[in-house]
1. List pairs: first residue in the stretch B:242-269 and among the basic types (Lys, Arg), second residue outside any loop (DSSP other than H, G, I, E, B) and surrounded by fewer than 18 Cβ atoms within 10 Å (Cβ to Cβ) anywhere in the structure, Cβ distance under 8 angstrom, at least six positions apart or on different chains.
2. If you take the residues in the stretch A:88-109 that are aliphatic (A, V, I, L, M) and surrounded by fewer than 21 Cβ atoms within 10 Å (Cβ to Cβ), which one is farthest from residue A:142 (Cα to Cα)?
3. Can you go through A:291, A:337 and tell me which one is farther than 30 Å from residue A:194 by Cα and modelled with pLDDT of 85 or more?
4. Return the residue satisfying two criteria in turn: it lies in the stretch B:68-85 and is among the hydroxyl-bearing types (Ser, Thr, Tyr) and surrounded by fewer than 22 Cβ atoms within 10 Å (Cβ to Cβ), and of such residues it is farthest from the other protein chains (Cβ to nearest Cβ).
5. If the Cβ limit is 9 Å and pairs must be 6+ apart or interchain, which residue in the stretch A:48-60 that is closer than 14 Å to residue A:299 by Cβ and more than 10 Å from chain B (Cβ to nearest Cβ) pairs with which residue that is crowded, with 18+ Cβ neighbours inside 10 Å and of a type in the set (S, T, N, Q)?
6. Which one is nearest to residue B:339 (Cα to Cα), of the residues in the stretch A:334-345 that are without any contact (Cβ under 8 Å) to a residue 12 or more places away in the chain and part of a helix (DSSP H, G or I)?
7. Which one of these is more than 25 Å from residue B:183 (Cα to Cα), of a type outside the set (D, E, K, R) and either modelled with pLDDT under 90 or more than 18 Å from the chain's Cα centre (by Cα) (or both): B:73, B:34, B:78, B:50?
8. Restricting attention to the stretch B:302-335, which residues are facing another protein chain (nearest Cβ under 7 Å) and surrounded by fewer than 18 Cβ atoms within 10 Å (Cβ to Cβ)?
Protein chains: 2
Amino acid sequence: MSPASTPAPQPADDAAPGRRDADPAQLFDAAIDGERGALARLLSLVERGGEPARAVARIAYRAAPPYTIGLTGAPGAGKSTLCDRLITEARGGWPSAENHPAEAVDQVAVLAIDPTSPFSGGAILGDRIRMQDHATDASVFIRSMATRGHLGGLALAVPDALRVLGAALVPVVFVETVGVGQMEVEVASACDTTIVAVTPGWGDSLQANKAGLLEVADLFVVNKADRQGVEEARRDLRQMLELSAPGEWHPPIVETVGTDGRGLAELWGEIARHRSFLIESRQLERRRSARLEDELRRVLAARLDAQVAALASGPAFAEALRAVAEGTIDPYEAADRVLSAGGGV
Amino acid sequence: MSPASTPAPQPADDAAPGRRDADPAQLFDAAIDGERGALARLLSLVERGGEPARAVARIAYRAAPPYTIGLTGAPGAGKSTLCDRLITEARGGWPSAENHPAEAVDQVAVLAIDPTSPFSGGAILGDRIRMQDHATDASVFIRSMATRGHLGGLALAVPDALRVLGAALVPVVFVETVGVGQMEVEVASACDTTIVAVTPGWGDSLQANKAGLLEVADLFVVNKADRQGVEEARRDLRQMLELSAPGEWHPPIVETVGTDGRGLAELWGEIARHRSFLIESRQLERRRSARLEDELRRVLAARLDAQVAALASGPAFAEALRAVAEGTIDPYEAADRVLSAGGGV
């Protein structure tokens, strides 16, 4: 895996089109040197799943994880615009907070999650015209994510992608979802700080998943706060928060106008305050280890799903099925036989 | 399992409350003798899952399956009333059809499926006031089904329940769903004949799952056909059917008024016609063997899910998790270790 083990190393031009996959270790070296094409290719390997994803994970897993900020909310809540503004704020660094000196943020990445899209990488990225301000900024990396072959889907591909970004020394990553589907909320809530964006009149737009969104939010944004109904939106959120179990952290509600940048400095300040809270209270560690446990459980489930698929296409399955159809054995006995033939339980 | 192996057999009063579980073989004997209490207890064992369900399946699997008729559609489509009327039609026997003489139907069962309810048996049954016409008819057995402990849920409990009814010599079973959730449509469509009930103005009520319902329907009912909009409902259905892939069987559209029984004889006739078609074309066999294959795959998946749960609470998981958290191994390697320790793949 090390460059030395490769007799004829590929040329360093990782971004050249049509080029064959390089060794992941070389790609990491290039990514750390600031080559965005190398980083993009590593993420493609992760999306592809299987052995390429494993080879990447094998190198990346030791890296310190980036600080991740999930941004979810109904379509039309202005998440892309908010994310665009937040990149600028983040590039200004973490502000100083109680017990925390200011910290520079030299790189920022955005993962845009769209589980409904069969495309990834370039496709949606091309549409994200609102982020064009950052297109020429080498310290900003924007990437849409779908899953092509990743067993276990986005819920497994995203942690791997975050690991890659961490190994490429990106300290802050925004995970923005296109909609508020179950998978998207799951992915956004598996971040260090989770922001739920609403707009005046939000109640109806989130109807289906209101309780779920309230539960995962560390921070609410009422975006498009120049519109009518912002007071009602804030009041509705407060009322619902009062009904939920009180914790040590009280999710603040920030009003923003993404289009002119109003409230964005305050929003970034609240994200920084939440980060300090997580570090001080040691909840950051606890959250991350709970997430890791969840991830490991998913990896196991995905492996066993693959085993079901493999068993169901094997000869023992066909034989057991025939026996059940002929009335020789019952389905439970059949499952026993398939599993013991397949080396399972 | 045979009564002879039980030294002190229980009294024959299987329906007595508070009585301990009898031997499944004895319960089957009693159920075949027409004791509805024994049948109810067998279905309770199936719902309970685990070893009791297996013991029942071990006896029931050889029985000839009943003819099953799934009835699904949005809440408010009048499914319970239709089902009530269909019981009466079914009790009149299968009408003669091309190549098929008339056949008596001496027993009918209804399984009412409500995956959202934590209750089963008596609870919903008590509410099914519309079926009270049949409450004193010993040849009609009505039962609500939920799953208490059945691993794999209703999708596995229902085939087991149908097997029990077949072993108790019930020749016709209606499987009625409360709503049109994914699981309910799946269960209703895993029947020999699947009926989708709509009402005038149905388009909106089924919006979410329209394509799925169209795909599984062998027969459409426009119920409440005394209301305005029945022509539009029929036309909408026709148009959608024209867009779908043509098969050998063209799903008929029957208009009914459940409350006064209009169209019910025609509906039963169409069910009989579909049954004849399935038998003649040998699709009945093919459908049933495809369903059996699907069931066996689900049994395997449920077993492997149980394995994930067991692995995730075992010492190898905790150890692997610690190693990943400490940065010693990556999550994939961790999964390998947990699986090999747990005797898995």
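1. Close Cβ pairs (under 8 Å, with a partner that is outside any loop (DSSP other than H, G, I, E, B) and surrounded by fewer than 18 Cβ atoms within 10 Å (Cβ to Cβ)) do not exist here.
2. Once the filter is applied, the top-ranked residue is A:97.
3. Values: A:291 fails: farther than 30 Å from residue A:194 by Cα.
Among A:291, A:337, only A:337 is farther than 30 Å from residue A:194 by Cα and modelled with pLDDT of 85 or more.
4. Pass one, the stretch B:68-85, residues among the hydroxyl-bearing types (Ser, Thr, Tyr): B:68, B:72, B:80-81.
With the extra rule that they be surrounded by fewer than 22 Cβ atoms within 10 Å (Cβ to Cβ), the set shrinks to B:80-81.
Numbers: B:80: 27, B:81: 30 Å.
The residue in question is B:81.
5. A:49/A:147
6. Going residue by residue through the stretch A:334-345, those that are without any contact (Cβ under 8 Å) to a residue 12 or more places away in the chain are A:336, A:340, A:343, A:345.
Cutting the leftovers down to part of a helix (DSSP H, G or I) gives us A:336, A:340.
Details: A:336: 18, A:340: 15 Å.
Among residues in the stretch A:334-345 that are without any contact (Cβ under 8 Å) to a residue 12 or more places away in the chain and part of a helix (DSSP H, G or I), the one nearest to residue B:339 (Cα to Cα) is A:340.
7. Details: B:73 fails: more than 25 Å from residue B:183 (Cα to Cα); B:78 fails: more than 25 Å from residue B:183 (Cα to Cα); B:50 fails: more than 25 Å from residue B:183 (Cα to Cα).
After ruling out the rest, the residue left standing is B:34.
8. Scanning the stretch B:302-335 gives B:325, B:327.
The values are calculated or read from the model by the stated rules, or taken from the named source; none is laboratory data. Bear in mind the structure is a predicted one, so any value in this text is a computation, not a measurement. Counting neighbours? That spans all protein chains shown, and the Cβs are built from the backbone with ideal geometry, glycine included.
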